[in-house]
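So the structure is just underneath, and the comments pick up after that.
The values are calculated or read from the model by the stated rules, or taken from the named source; none is laboratory data. Since the structure is predicted, the reported quantities are computational estimates derived from the model, not experimental observations. Because the Cβ atoms are built from the backbone with ideal geometry, glycine has one as well, and the counts that use them run over all protein chains shown.
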Amino acid sequence: MREPVEKLIEQYQKHIFAAAFSVCQNVSDADDVVQDTFLKYRANRPGWLMPKRPWACNVP
């Protein structure tokens, strides 16, 4: 069975990347945004609770 963090990343990574790439227009920068998004989410939600999709748009 997968860990909650793996499930979270698998479920949202492509969506976050697409949104980041549409703004950055650079693969490397978009990858950095994806990583930063998950790190910030992790810092604010230690239990990695499964969120609803809009959370990714609200990560500062």
Review point. Residue 26 passes all but one of (1) in contact with a Phe, Trp or Tyr (Cβ under 8 Å, 6 or more places away or on another chain); (2) at pLDDT 85 or above; which number fails?
Key: (1)
Point to revise | Scope region 14-30; condition surrounded by fewer than 16 Cβ atoms within 10 Å (Cβ to Cβ) and assigned to a helix (DSSP H, G or I); matching residues | key: 14, 15, 18, 22, 23, 24, 27, 28, 29
**Study point:** Failed item, numbered, when residue 57 is tested on (1) at pLDDT 65 or above; (2) surrounded by fewer than 16 Cβ atoms within 10 Å (Cβ to Cβ)
**Key:** (1)
Point to revise | Flag if residue 49 is surrounded by fewer than 12 Cβ atoms within 10 Å (Cβ to Cβ), at pLDDT 80 or above and either aliphatic (A, V, I, L, M) or outside any helix (DSSP H, G or I) (or both) | key: no
